[in-house]
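Each remark here refers to the structure printed beneath this line.
The values are calculated or read from the model by the stated rules, or taken from the named source; none is laboratory data. Predicted, not measured: the structure shown is a model, and the values here were computed from it. A quick note on method: Cβ atoms are made from the backbone with ideal geometry, for glycine too, and the neighbour counts reach across all protein chains shown.
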Amino acid sequence: MSDITAFDQLNLSDQLLRAIADQGYIKPTPIQAQVIPHILEGKDIMGSAETGTGKTASFTLPLLHRLQPYENSSTSPAKHPIRALILAPTRELATQIHDNVKKYGKYLQLRSTVIYGGVSIDPQIKELQAGIEVLVATPGRLLDHIEQKTINLSKIAILVLDEADRMLDMGFLPDIKRILMLLSPQRQSLIFSATFSEEIKQLADKLLKQPILIEAAKRNAINQSISHIVHLVEPERKHELLVQLIRQNDLKQVLIFVKTKQGADRLVKQLTRYEVMATAIHGDKNQQQRTQALNDFKEGKIQALVATDVAARGLDIENLAYVINFELPTVPEDYIHRIGRTGRAGSKGNAISLVSVNEKDLLAGIEKLLKTKLTVEKVNGFEVEKSVHAALPQTAGRQRYNGKSPQQKPGLDRHNGSHTAKPQPTVHARNKPSRTIDPIFTQPYVPMALVKKQDATDKITQSIHKSNKKAIPALFVPPVIDKHKQE
């Protein structure tokens, strides 16, 4: 497989090769060269590759090729049953995969759609009723359709689980098992992920039949085209350092990661005060807001996109040069997925992490996973106390002076970075949960009809309890003891 140097050597159809050429691609990536031939042969796959190496195309291209015998121009929904199901953990990733399906399948008479939560289910029902061959879905919304009997999965011949480790992290395993029970055992199954854990291998043992294991990169590997820099900083001065980095590097487009939705909104307000055009993307935003934020960012209308880890998977932003970890992730593997948004398709990328003393264990966990020490660089004006340096793992780094003396510790002016009084430090709540994930992705699936029924039952129960409340007279009243008399 390693001898494959062009897509026309992969035995893909002329229609698919034409669509690939329209995108300007000539040579397949390593994961594509290794995976595509096996999928075309109908074999089950367990594939892993670095983020941003063309993993999505490695299964969408052969999937479309295998479905070509079923393409037709009939308007009858019966002629377009669902034959391929692709499951993804987040709305953004599901949308990205569907974009790939449409892009590579534009010369084929195969229909496709994407379904996810957070939007009305009615338009999705209409598309499903019209008939489609390829369905991209998040597990929760797919189960909603199953509960409402608006979908038929009996004809599925190909199943794909993308970002399988993320789905397990987010508690989707019970949902996946429910979905698998509705599928025909006579199918081709594919599992893809940027990383593989032992839990994933256990799932693969139950799901796959004599699978081909393909690891285009070492497990938990990072893209070698990405540089990694750590800046030590006091926690209350992180936003000041962030603004300085954006200004001194003249960043027109930067993706910034934080832990919580509240933290994302707070950082957007801080950046806006310094006239940095910013917006946030997280689970509290509806789908229209999230889509608008992404489009504005891609079009250059927004300079900084502040995101929670829910957006770490599935964001595909062309030529994104910088990713900044304003806060380190609690789970070390999430660092890989965050920085995977830069350095894509062989381009150079930069991953910067702002680390305070209370994040020393998180940094150590990331370095242990990567089996390497990240370079620590000092930024003049943001030096930390010696005790912090001693507590944090670090390598020898160069010091940046930017034309100022080492003794200066300036605040940032909101307009031009001059030495004016800095804004009041942000007050950070202590002892917050170490990791907050959007509830829409972590709560177990509950059918929509059951939720409505449960709400009605709760209201009746509360009404009964309220009406039965009566004052119960005391049967015994203890005597009042006069302490003065006792003395």
Condition check: crowded, with 20+ Cβ neighbours inside 10 Å, under 24 Å from the mean Cα position of the chain (by Cα), outside the structural domain of residue 54 (by TED's automatic domain parsing) and not charged (D, E, K, R). Does residue 190 satisfy that? no
Members of the stretch 347-366 found to be assigned to a helix (DSSP H, G or I) and under 21 Å from the mean Cα position of the chain (by Cα), listed by number: 362, 363, 365, 366
Checked against (1) under 20 Å from residue 290 (Cβ atoms); (2) touching a Ser or Thr at 6+ places or on another chain (Cβ under 9 Å); (3) at pLDDT below 85, residue 305 satisfies every condition except (3)
What's the number of the condition residue 117 fails, among (1) closer than 22 Å to residue 181 by Cα; (2) modelled with pLDDT of 95 or more? (2)
Looking at the stretch 188-224, which of its residues are part of a loop (DSSP other than H, G, I, E, B) and at pLDDT 80 or above? 208, 209, 210, 211
Across the stretch 158-181, what is the total count of residues that are at positive phi and either surrounded by fewer than 19 Cβ atoms within 10 Å (Cβ to Cβ) or not charged (D, E, K, R) (or both)? 1
State yes or no: is residue 358 modelled with pLDDT under 75 and either more than 27 Å from residue 170 (Cβ to Cβ) or not aliphatic (A, V, I, L, M) (or both)? no
Confirm whether residue 95 is closer than 18 Å to residue 179 by Cα, in the same structural domain as residue 155 (by TED's automatic domain parsing), within 21 Å of the chain's Cα centre (by Cα) and not hydrophobic (A, V, I, L, M, F, W, C). no
Is it the case, given these coordinates, that residue 280 is part of a helix (DSSP H, G or I) and either in contact with a strand residue (DSSP E or B) (Cβ under 6 Å, 6 or more places away or on another chain) or surrounded by fewer than 18 Cβ atoms within 10 Å (Cβ to Cβ) (or both)? no
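Per-residue answers, yes or no, for (1) in a loop (DSSP other than H, G, I, E, B); (2) out of contact with any Ser or Thr (no Cβ under 8 Å at 6 or more places or on another chain); (3) assigned by TED's automatic domain parsing to the domain that holds residue 298:
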{"site": "58", "(1), (2), (3)": "no, no, no"}
{"site": "89", "(1), (2), (3)": "yes, no, no"}
{"site": "101", "(1), (2), (3)": "no, no, no"}
{"site": "110", "(1), (2), (3)": "yes, yes, no"}
{"site": "119", "(1), (2), (3)": "yes, yes, no"}
{"site": "128", "(1), (2), (3)": "no, no, no"}
{"site": "151", "(1), (2), (3)": "yes, yes, no"}
